[in-house]
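Taking it in order: structure first as structure tokens, then the write-up.
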Amino acid sequence: MRKVQFVAVFWTLFLAIPLTALALSMAAYLTEHLGEILVSIQTFSLASSAGGRGWIMEFAARWPELVGMVIGQLVIMAILLFTWRSNKSEEHTNI
């Protein structure tokens with residue numbers, strides 16, 4: 001039993017220490033360079049979108065379509081669920 005506890009603690013520390021150091025270094029990097037990162041994202045967004053409007057404006061124009069597609073998929077899934085349940089209940093009543 002002692003070996004299992006040692007192995008569990010060893011692997012936990014083996015993974016936790018480097019990943020904690022990585023998280024701390026990434027947090028420090030983001031703190032120092034967040035302004036530069038946001039400017040580069042905005043520049044890329046304006047350069048790569050249709051008409052130079054930016055990705056946020058493109059997504060803002062398209063969100064009603066996305067919501068409609070999601071609602072449509074939910075309705076289709078609800079219909080399939082209800083028909084599956086009704087078929088299942090018919091099988092039990094025929095037996």
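Sticking to Cα atoms, compute the Rg of the chain to one decimal and its Dmax as the biggest Cα-Cα distance, whole number, in Å.
For the chain, the Cα radius of gyration and maximum Cα-Cα distance read 26.4, 71 Å.
Could you derive backbone 3J(HN,Hα) for the range 20-26 from the dihedral phi with the Karplus parameters 6.51, -1.76 and 1.60 (θ = phi - 60°), listing whole Hz in sequence and x where the residue is Gly or Pro?
Each residue's phi maps through the Karplus curve to give 5, 5, 5, 5, 5, 5, 5 Hz.
With n ≥ 4 as the cut-off for DSSP H runs, can you work out [θ] at 222 nm for the chain, using -39500 (n - 2.57) per run divided by the number of residues, rounded to the nearest 500?
Numbers: 2 runs with 87 residues, N = 95.
Roughly -34000 deg cm²/dmol at 222 nm, from the helical runs in the chain.
Each residue of the range 62-77 in turn: what ³J(HN,Hα) in whole Hz from Karplus with 6.51, -1.76, 1.60 and θ = phi - 60°, glycine and Pro shown as x?
9, 5, x, 5, 5, 5, x, 5, 5, 5, x, 5, 5, 5, 4, 5
Using the beta-carbon distance between Leu13 and Ile79 and R0 = 41 Å, what value does 1/(1 + (r/R0)^6) give for FRET efficiency, to the nearest 0.05?
Values: r = 52 Å, r/R0 = 1.26.
According to the calculation, E is roughly 0.20.
Let me know the charge dipole size of the range 2-79 about its Cα centre in debye, to the nearest 20, where only the beta-carbon of Lys, Arg (+1) and Asp, Glu (-1) is charged. It would help to have the intermediate numbers written out before the result.
Values: 4 positive and 4 negative charges, 87 e Å.
Result for the range 2-79 is approximately 420 debye, rounded to the nearest 20.
Please give me the summed charge of the neighbours of Gln42: other residues whose Cβ is under 14 Å from its Cβ, Lys and Arg +1, Asp and Glu -1.
Numbers: positive: Arg53; negative: Glu36, Glu58.
Computed value for this residue: -1.
Which cross-chain or sequence-distant (5 or more) residues have an amide H under 5 Å from the amide H of Ser49, H modelled 1.01 Å from N in plane?
Residues meeting the amide H criterion: Gly54.
Report the Rg/Rh value for the range 1-48, based on alpha-carbon coordinates and the Kirkwood definition of Rh. Mind dumping the intermediate values first?
On the way: Rg = 19.3 Å, Rh = 13.7 Å.
The Rg/Rh ratio comes out at 1.41.
Going by the alpha-carbon gyration tensor, a ≥ b ≥ c the square roots of its eigenvalues, is the range 54-95 rounded (a/c under 1.5) or, if a/c is not under 1.5, prolate (a/b greater than b/c) versus oblate?
Details: a/c = 11.24, a/b = 7.63, b/c = 1.47.
Cα axes put the range 54-95 in the prolate bin.
FYI, it's all coordinate maths here, none of it is from the lab. Worth saying up front: this structure is predicted, and the values here are computed from it rather than measured. Here the Cβ is made from the backbone with ideal geometry for all residues, glycine too, and neighbour counts use every protein chain on show.
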